[in-house]
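Trainee: This is the structure I want to talk about, given as structure tokens.
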Amino acid sequence: MATPANPQELLAKLVAFDTTSSKSNLKLIDFVQTSLKGHGIASTLIPSPDGRKFALFATIGPEGKYGIGLSGHSDCVPVEGQNWSSDPFTLTARDGKLYGRGSCDMKGFLACVLASVPLFKSRTLKQPIHIIVSYDEEVGCTGVRPLIAMLGKELPKPKAIIVGEPTDMTTIDAHKRIDSYLTVVTGREAHSSMPQLGVNAIAIAAKLILGLERLGAELAGMTDDRFDPPFGTMQVGTIKGGTAGNIVPKTCEFHWQVRSVPGTGPEKVEKGFNNYADGLLPAVRQVAPDAAIVTTHLNSVPSFQAKGNSEAVALALSLSGANTTHAVSYGTEAGLFEEAGCPTVICGPGNIAQAHAADEFVTVAQLDLCMAFLARLADRISA
């Protein structure tokens, strides 16, 4: 039986690729494709519309059967503005922890999958293992969608998919929905000594944000105790406006999002926000007839709720030796796979509390647990 490769060494190579969502992932995908090719495994690349990024799909084992998909995203969030104690793109080991951007979310899982390839190849598999690597998960799960559209057509359709987001290797069968928005406020510029001649777009945006905060508080009335927090949430993530301190700002824009528990949606917040915005406009248009508040719904990531008899959930529970499932508040690609008819579960190394922050890390112990999980998967589907 072949010995798996060292996941820490592979993780160091993956972390070294700066795959922040605003940048290309081509170097990382080339590394993954070359690594697989070294084991005699072909892969299919699915390009982004602009050709700057690729998703990857590869199969180990017999053709013509459904198989098990192991799915992870290649992109990571920015490090700008964060105070790291070491180079975020150099994997650094301290006290059993491996620090680096993406080490937890979610290159640790990808490293374990790649490290397990020699083991998978050495077995006579009764059904295939499909390796799926996507892009732009962090900006709305956009990169996996063209790949999903090919499942059951140009690509095999797995009968179960394990999305390796950080769960401390516990089995997750549900997560919230995410809806993202951009609101742009247009007012009128004026000299700051004569503010009555202008319409301050930042001040209007501030009122809108306070209105959103009130609407967000109402989401607490729709609860599901499986989640933490057990209700939907609203957050404003970025705001930008104005040109100089002595000019009444003409424009201001802010991004915001709603996270809804399964079975609910953002409609109540959307309607309340639009009504509030419409109520502000008549007064400001007396000063600036062209004043406007325009909100664009940028993206939706569907909630995830595995079916009660999910083959994917049963598989993950069996491989991990657990007997209970959990729910999480963060979003993943799982809901998209589930909607496409692929039973899906979320289970991977690391803890989401370490993701997206300075000094992001995954523990060596978590990688070991993931490697053992994948070894048991190989045992399960071997002849």
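Trainee: Quick one: check the C-alpha center-to-center distance for the stretch 194-246 versus the stretch 41-106, whole angstrom.
Mentor: Using only Cα atoms, the two centres lie 33 Å from each other.
Trainee: Report the calculated FRET efficiency for K307 and K37 (r = Cβ-Cβ distance, R0 = 41 Å), to the nearest 0.05.
Mentor: Result of the calculation: an efficiency of 0.65.
Trainee: Can you work out ³J(HN,Hα) from phi for every residue in the stretch 300-307, in order, using Karplus 6.51 cos²θ - 1.76 cosθ + 1.60 and θ = phi - 60°, giving whole Hz and x for Gly and Pro?
Mentor: 10, 10, x, 5, 10, 9, 5, 5
Trainee: Which ³J(HN,Hα) values in Hz, rounded to whole numbers, follow from the phi angles of the stretch 144-150 under the Karplus curve 6.51 cos²θ - 1.76 cosθ + 1.60, where θ = phi - 60° and Gly and Pro get x?
Mentor: 7, 5, x, 5, 4, 4, 8
Trainee: Would you calculate the separation in nanometres between label points at E267 and L298, each defined as 7 Å from the Cα along the Cα-to-beta-carbon direction?
Mentor: That separation, rounded to one decimal, is 2.5 nm.
Trainee: May I ask for the angle, rounded to the nearest 10°, between helix 201-218 and the longest principal axis of the chain, with both axes built from Cα atoms and the value confined to 0 to 90°?
Mentor: So the helix axis and the longest Cα principal axis differ by about 60 degrees.
Trainee: Right, here's the next one. Cross-link candidates for K250: which lysines have Cα within less than 24 Å, leaving aside residues fewer than 8 places away along the same chain?
Mentor: Within the straight-line limit of under 24 Å, K250 reaches these lysines: K207, K240.
Trainee: Counting helices only, and only those DSSP H runs with n ≥ 4, report the 222 nm mean residue ellipticity of the chain as the sum of -39,500 (n - 2.57) divided by its residues, in deg cm²/dmol to the nearest 500.
Mentor: Value at 222 nm, helices only, nearest 500: -9000 deg cm²/dmol.
Trainee: Structure shown: which of K13/K153; K53/K159; K126/K307; K27/K97 lie over 29 Å apart, alpha-carbon to alpha-carbon?
Mentor: K13/K153
Trainee: Estimate the FRET efficiency between A365 and K13 by the formula 1/(1 + (r/R0)^6), using the beta-carbon distance for r and 25 Å for R0, to the nearest 0.05.
Mentor: Here the calculated transfer efficiency is 0.75.
Trainee: So, one more: Would you kindly work out the equivalent ellipsoid of the stretch 177-300 from its C-alpha gyration tensor and give its semi-axes, the square roots of five times the eigenvalues, largest first in whole Å?
Mentor: Three semi-axes, in Å: 32, 13, 11.
Trainee: I've got another one for you. Can you tell me the equivalent ellipsoid semi-axes for the chain? Use √(5λ) from the Cα gyration tensor, largest first, whole Å.
Mentor: Gyration-tensor ellipsoid for the chain: 43, 22, 19 Å.
Trainee: Helix 108-122 versus the longest principal axis of the chain: what is the Cα-based angle in degrees, 0 to 90, to the nearest 10?
Mentor: Approximately 20 degrees, to the nearest 10.
Trainee: Order these peptides, 211-224, 133-146, by their mean beta-carbon neighbour count within 10 angstrom, highest first.
Mentor: Ranking, from highest mean packing down: 133-146, 211-224.
Trainee: In degrees, nearest 10, range 0 to 90: what is the angle between the Cα axis of helix 364-380 and the longest Cα principal axis of the chain?
Mentor: On a 0 to 90 degree scale, this one is about 50.
Trainee: A further question follows. Sort 283-290, 58-65, 124-131 by the packing proxy (mean of other Cβ within 10 Å over each peptide's residues), most packed first.
Mentor: Those peptides, ordered most packed to least, come out 124-131, 58-65, 283-290.
Trainee: List, largest first, the extents of the alpha carbons of the stretch 113-152 along their principal axes, each in whole Å.
Mentor: Here the spans come out as 37, 24, 7 Å, largest first.
Read-outs: derived from the displayed coordinates by stated rules, not from any lab. Quick caveat, the model's predicted, so the values are computed rather than measured. Reconstructed Cβ throughout: ideal geometry from the backbone, glycine too, with neighbour counts over all protein chains shown.
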